[in-house]
1. Give me the pairs: first residue in segment 49-75 and assigned to a loop (DSSP other than H, G, I, E, B), second residue among the basic types (K, R) and surrounded by 24 or more Cβ atoms within 10 Å (Cβ to Cβ), beta-carbon distance under 9 Å, and six or more apart or on different chains, which are they?
2. When you scan segment 224-252, how many residues do you find that are closer than 27 Å to A283 by Cβ and open to solvent by less than 40 Å² (accessible area, probe 1.4 Å)?
3. Counting only residues that are of a type in the set (G, A, S), within 19 Å of the chain's Cα centre (by Cα), open to solvent by 10 Å² or more (accessible area, probe 1.4 Å) and within 18 Å of I124 (Cα to Cα), how many does segment 1-45 have?
4. Scan the helices (runs of 4 or more DSSP H) fully inside segment 85-177 and keep the ones with 1 or more residues being without any contact (Cβ under 8 Å) to a residue 24 or more places away in the chain and within 17 Å of C60 (Cα to Cα).
5. I'd like to know if segment 71-82 contains one or more residues that are in contact with a strand residue (DSSP E or B) (Cβ under 7 Å, 6 or more places away or on another chain), of a type in the set (S, T, Y) and more than 16 Å from Y212 (Cβ to Cβ).
6. Are any of the residues in segment 199-216 assigned to a loop (DSSP other than H, G, I, E, B), open to solvent by 30 Å² or more (accessible area, probe 1.4 Å) and farther than 25 Å from A86 by Cα?
7. Just for segment 189-211: of the residues that are of a type in the set (G, A, S) and within 17 Å of the chain's Cα centre (by Cα), which one is farthest from L155 (Cα to Cα)?
8. Any idea which residue in segment 46-72 is farthest from F175 (Cα to Cα), counting only those that are open to solvent by 10 Å² or more (accessible area, probe 1.4 Å) and in contact with an Asp or Glu (Cβ under 6 Å, 6 or more places away or on another chain)?
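The values are calculated or read from the model by the stated rules, or taken from the named source; none is laboratory data. Being a predicted model, the structure only gives us computed values, none of them experimental. Please note: Cβ atoms are built from the backbone with ideal geometry, for glycine as well, and neighbour counts cover all protein chains shown. Keep in mind that these areas ignore ligands, DNA and RNA; they rest on the heavy atoms of the full protein, side chains included. Shrake-Rupley method; radii C 1.70, N 1.55, O 1.52, S 1.80 Å.
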Amino acid sequence: MTLTIPGFDHIRLPGADGVELAAVVGGSGSPVVLLHGFPQTHLMWRHVAERLADEHTVICPDLRGYGASDKPAATDPDVYAKRTMAADVVTLAAALGHERFALVGHDRGALVAFRAGLDHPETITHLGILDVVPTLDMWNVLHGASAAVGYHLFLMAQPPGLPEAMIAGSADAFFGSFLDAWANDPTTMPEDVRAEYLRASAAAVTSIVADYRASSDIDVMHDQADLDAGSQLAMPVTVVQQDWGAQLGYDAAGVWKAWAPDLDHRLTRAGHFMAEEAPDEIAAAIRALLAR
């Protein structure tokens, strides 16, 4: 049986172009949408969602191409553009009666959240970002030997065929390597949860690669167009991340300040899977964001 967040209701609703998203919804109050990262599903929010549900309606979808959501073929670059995935989230929330909502994303979900904040400033009231920099900046800060930490970005940027075959041929080893390497405290990810992530990822190799491939192409073009136009995030923004600036040699807070004038930038001692390793810290950061 697929693991999920206890006490939350399961729903399926169409996204922006009819692609159906699976999601869970719980709690009551002002809406907060939580977007998962790689190689995970909505399940990564289980601890944080339960903490927020006393005060908020919490919506946790599986992104298109992941988990139990539809996995359309990448017939053109727009299918997995973060612009399209952001429109999915806005459409899903509207179908639940929420024309305005707070949005928090981790990893891949944070890139979707970033794009939603730029494309839908009238809809996103508050924006939370966990452990990424925007796509355009990500490529700019990865250079030299230090870029090896992001080898998967370069692998999945290659033309269709070889990356999918290589990953599918050793899916558990590939996806499991990130679950192991990126966790400061592996005990916070129980075996049944780890197994669920591996199962879901192995069933979505083609769409996961398509999501990453979009970030080497169309997502960069969208970010560059916004940078050239001077676009910025109009809402309060909180960024929580590991000290990647020190590790990769760039000013992480400065990168985000260029996009988000109303910025609360925080460093954490937790690992990449911080919503699972440090749920009290992340829930507190989200509450502080929503109070701004």
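1. Pairs found: L63/R108; Y66/R108; D70/R64; K71/R64; P72/R64.
2. Total meeting the criteria: 11.
3. The qualifying residues number 1.
4. none
5. no
6. No, segment 199-216 contains no residue that is assigned to a loop (DSSP other than H, G, I, E, B), open to solvent by 30 Å² or more (accessible area, probe 1.4 Å) and farther than 25 Å from A86 by Cα.
7. Filtering first and then ranking leaves A200.
8. Result: D70.
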